[in-house]
Amino acid sequence: MKPHLQLIASRLSQLERLRAYLLHSTGKIEQCGMLQKSPAVYSLDDSNNLAAFRMRVSEFQEHLGKLLASIAREEEVEYSGFSDVLAFAEKSGIIASESVWKEIREIRNQINHEYEDDPDALTVILKKMVTCIPALLEWETGARNYCAAKFGLDDSAS
Amino acid sequence: MRITNAQAEQAVSIIRESLGAEAAVWLFGSRVNDTKRGGDVDLYAETSLHGVLLDETVRAKIALSDLFGRSVDLVVNNHRKSSPIYQIAREEGIRLA
């Protein structure tokens with residue numbers, strides 16, 4: 001297998017683990033009732049669950065982005081920035097929308113910036129982040145299917 | 001300041017489209033310093049719109065990042081809370097609108 005396909009296979013393998021982590025963290029947020037309670041009454045466990053969830057969303061989208069860039073490179077797409085990669089991914093049907101990708105990334109950034117000490121905002125952003133998870137998971141599946149169809153990569157290849 | 005007048009006008013337009021036509025806008029941070037190079041674009045906006053304004057802020061930041069082709073920090077003050085960064089942006093920044 002070409003080194004670049006090996007890299008894609010390793011990214012797919014890594015994303016499979018990250019997907020499990022993300023699902024676990026999302027489940028924790030929902031099970032602990034954090035979407036209903038005010039951050040003002042979060043327990044230390046709640047705060048840990050929130051920190052883990054934020055990290056899992058970020059790492060999942062970042063790694064998915066790296067996979068998309070690797071796929072674009074393998075497909076010999078000329079790109080000068082990540083927007084070109086997203087445009088390719090949207091055109092290929094791997095992701096539904098470049099603008100929604102950017103929106104999710106920006107929502108992640110918002111929770112990391114000025115809202116940390118703002119309970120009202122934190123609740124709104126957390127709910128919004130949870131609604132973004134299905135799209136991220138769907139796009140990862142789309143990338144996996146694309147790699148299987150185009151490069152013959154499946155789980156056994158990783 | 002180290003953004004062009006055209007960029008400043010477009011940035012104000014983008015911000016007002018999301019945060020209200022009366023929004024006041026400042027450029028602050030390293031981009032107000034002509035002796036520095038590069039760096040993110042820091043913008044501060046005051047608006048009378050109520051609420052958390054998540055969707056509005058996200059929409060504006062994406063459009064601003066596309067405008068400048070780089071990361072943009074947009075601090076929004078709609079008078080729900082206080083923060084030292086608001087005063088710093090007003091005092092050290094350049095008002096764009």
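For the reader, a short list of remarks on this structure follows.
- On Cα atoms only, tilt of A:119-151 relative to the major axis of chain A in degrees: 20 degrees
- Counting Lys and Arg as +1 and Asp and Glu as -1 over every other residue whose Cβ lies under 9 Å from the Cβ of B:Arg59, the net charge comes to -4.
- In chain A, Cα pairs under 8 Å separated by at least six residues give a relative contact order of 32 percent.
- Note that chain A presents 49 Å² accessible area per residue, ligands and nucleic acids not counted, probe 1.4 Å.
- For B:Leu74, distant residues with modelled amide H under 5 Å away: B:Leu43
- Lysine-lysine proximity count for the stretch A:87-158, Cα under 18 Å, sequence distance 8 or more or distinct chains: 4
- Karplus-derived HN-Hα couplings along the stretch A:78-89 (A = 6.51, B = -1.76, C = 1.60, θ = phi - 60°), whole Hz, x at Gly and Pro: 7, 9, 10, x, 5, 4, 5, 5, 5, 4, 4, 5
- Mean-position separation - Cα centroids, the stretch B:55-70 and the stretch A:33-67, in angstrom: 24 Å
- Over chain A: helical MRE at 222 nm, DSSP H runs n ≥ 4 each giving -39500 (n - 2.57), nearest 500: -26500 deg cm²/dmol
- Carbon/sulfur fraction of accessible area - the protein assembly as shown, other protein chains in place, 1.4 Å, %: 48 percent
- Whole-number accessible area per residue in Å² for chain B, which is evaluated in the context of all protein chains at 1.4 Å: 51 Å²
- If you take all other residues with their beta carbon under 13 Å from the beta carbon of A:Ser99, and give Lys and Arg +1 and Asp and Glu -1, the sum is -2.
- The angle separating the long axis of helix A:44-74 from the principal Cα axis of greatest extent in chain A is about 20 degrees.
- Percent of beta bridges antiparallel (DSSP, the stretch B:12-97, rounded to nearest 5): 55 percent
- Ordered by 1.4 Å accessible area with all protein chains kept, A:His24, A:His63 run largest first as A:His24, A:His63.
- Every helix of 4 or more DSSP H residues in chain B counts as -39500 (n - 2.57), and over all residues that averages to -12500 deg cm²/dmol at 222 nm.
- Cα-Cα separations in the stretch A:25-158 greater than 18 Å, expressed as whole percent: 57 percent
- The protein assembly as shown: antiparallel DSSP beta bridges as a percent of all, rounded to 5: 55 percent
- Accessible area buried between chains B and A, both sides summed, probe 1.4 Å, in Å² to nearest 100: 1300 Å²
- Semi-axis lengths, Å, the protein assembly as shown, gyration tensor of Cα atoms, sqrt of 5 times eigenvalues: 35, 25, 14
- Members of the stretch B:54-97 that become less accessible by 40 Å² or more once partner protein chains are added (1.4 angstrom probe, chain alone as reference): B:Leu54, B:Val58, B:Lys61, B:Ile62, B:Arg80, B:Lys81
- Local electrostatic count, B:Arg90, Cβ distance below 14 Å [Lys/Arg +1, Asp/Glu -1]: -3
- Net lengthening on full extension, A:Ser99/A:Ala51 (0.36 nm per residue, minus Cα-Cα): 14.7 nm
The values are calculated or read from the model by the stated rules, or taken from the named source; none is laboratory data. Worth saying up front: this structure is predicted, and the values here are computed from it rather than measured. Note that each Cβ is placed from the backbone with ideal geometry, even for glycine, and that neighbours are counted across all protein chains shown. Ligands, DNA and RNA are excluded from the accessible area calculation, which covers all protein heavy atoms including side chains. Shrake-Rupley method; radii C 1.70, N 1.55, O 1.52, S 1.80 Å.
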